[in-house]
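Student: My questions will all concern the structure given below.
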Amino acid sequence: MRVGVFDSGVGGQSLVNLIRKELPELQVVYKEDHENIPYGTKAPAELLELVLPLLMELATKVDLIVIACNTVSTTLIDALREKLDVPLIAMEPMIKPAAEQTQTRTIAVCATPTTLSSKRYLWLKAQYAKNVRVIEPDCSDWAYMIESNTTDHKQIEQRIAEVCESGADIIVLGCTHYHWIEDDIQAIANRFKATVIQPEKAIIGQIRRVLSRLG
Ligand code: DGL
């Protein structure tokens, strides 16, 4: 079976590595759109124009596509499901598990501006985090920094320390680019006994389930 993984840039590569480790029998086809990064500051209509042709092409080569981009998943998944014939797995911020796990009733969501303003994200918050304070630190330049290898570790340390000092005990990584700095973020969070979560492991389970349905 062939699985397609799509992201604007290197974010999805982190998931590709995990798929290769956990599901070595699968062939993985990775598609990125490095020249148009960052996606996370673009409007949904512009994103749709960029991603649709790329995903249509990818869909001709694979049995299933993982949209390894929270920005595209939270803004376009319904439109994409209407237009593409292959099953799509979306990656989106883990609001529900975070709201269930928090002891301080405060969580932080690190995500792009487009994700944070998407209808789907606002719905997730209204549905699952009604009684939880959700802090959304400014991460607007993180994806670009990670993509271009110019990560400002001091800025990231400051943002994470701030949300922990404000009481967040669960930090949600809501952009796949941030998976590359997960260890750094967890190291800062450890000082405050906070936990960092992201959905890659759950996505592996979802890939297994969808592929077993396809036979
Ligand atoms: N990696 C993508 C995400 O999960 C977006 C990064 C970007 O291009 O801004 O949201």
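Student: At 7 Å along Cα-to-Cβ for each site, give me the label-to-label distance between residue 41 and residue 157 in nm.
Tutor: Spacing of the two 7 Å Cα→Cβ label points: 2.5 nm.
Student: Another one. Count the net charge of all other residues whose Cβ sits under 12 Å from the Cβ of residue 105, scoring Lys and Arg as +1 and Asp and Glu as -1.
Tutor: Summing Lys/Arg as +1 and Asp/Glu as -1 gives 0.
Student: For residue 4, enumerate residues with amide H under 5 Å from its amide H, sequence gap 5+ or separate chain, H modeled in the peptide plane.
Tutor: Close amide H contacts, sequence-distant or interchain: 29, 63, 64, 65, 66.
Student: What value, in deg cm²/dmol to 500, does the helix sum -39500 (n - 2.57) over DSSP H runs of n ≥ 4 give at 222 nm once divided by the residues of the chain?
Tutor: -15000 deg cm²/dmol
Student: Next question. Please list, in order along the stretch 29-37, the HN-Hα scalar couplings obtained from phi with the Karplus expression 6.51 cos²θ - 1.76 cosθ + 1.60 (θ = phi - 60°), rounded to whole Hz, x for Gly and Pro.
Tutor: Going residue by residue, I get 10, 9, 10, 10, 9, 3, 5, 9, 5 Hz, with x marking Gly and Pro.
Student: Could you pull out every one of the aspartates and glutamates with an alpha carbon less than 18 Å from that of residue 96, ignoring same-chain neighbours closer than 8 positions?
Tutor: Candidates past the 8-residue exclusion: 136, 169, 200.
Student: What is the Rg over Rh value, at two decimals, for the stretch 140-187, using alpha-carbon atoms and the Kirkwood definition of Rh?
Tutor: Here Rg/Rh amounts to 0.95.
Student: Let me ask something additional. Over all distinct alpha-carbon pairs, what is the Kirkwood Rh of the stretch 1-128 in angstrom?
Tutor: Computed over Cα pairs of the stretch 1-128, the Kirkwood hydrodynamic radius comes out at 15.3 Å.
Student: Using amide H atoms built in the peptide plane, which far-off residues or other-chain residues are under 5 Å from residue 192 H to H?
Tutor: Counting only residues 5 or more places away or on other chains, the set is empty.
Student: May I pose another question? Hey, in the GNM for the chain with a 10 angstrom Cα cutoff, which one of 68, 143, 194 fluctuates hardest?
Tutor: 194
Student: What are the residues whose amide H is under 5 Å from the amide H of residue 133, where those residues sit 5 or more places off or on another chain and H is modelled from the backbone?
Tutor: Amide H neighbours of residue 133, under 5 Å, 5+ apart: 106, 107.
Student: Charges only on Cβ, +1 for Lys and Arg, -1 for Asp and Glu: so what's the dipole of the chain about the Cα centre, in debye to the nearest 20?
Tutor: Roughly 840 debye, rounded to the nearest 20.
Student: Right, another one. With r as the distance between the Cβ atoms of residue 149 and residue 61 and R0 = 30 Å, compute the FRET efficiency 1/(1 + (r/R0)^6) and round to 0.05.
Tutor: 0.55
Student: Any idea how far apart residue 195 and residue 1 come out in nm if each label point goes 7 Å out from Cα toward Cβ?
Tutor: In this crude label model, residue 195 to residue 1 measures out at 2.9 nm.
Student: Over the chain, what portion of Cα pair distances is larger than 21 Å, expressed as a whole percent?
Tutor: 52
Student: Please build a GNM for the chain, connecting alpha carbons under 10 Å apart, and tell me which residue among 167, 11, 40 fluctuates the most.
Tutor: Taking springs between Cα atoms under 10 Å, the residue moving most is 167.
Student: Please list 47-55, 18-26 highest first by mean number of surrounding beta-carbon atoms within 10 Å per residue.
Tutor: Answer by packing, highest mean first, reads 47-55, 18-26.
Student: Residue 154: which aspartates and glutamates have alpha carbons under 13 Å from its alpha carbon, excluding same-chain residues fewer than 8 sequence positions away?
Tutor: 162, 184
Each reported figure results from applying straightforward, stated rules to the coordinates on display, with no laboratory input. Remember, it's a predicted structure, so these values are computed and weren't measured experimentally. Cβ coordinates were reconstructed from backbone atoms using ideal geometry, including for glycine residues, and neighbour counts include every protein chain displayed.
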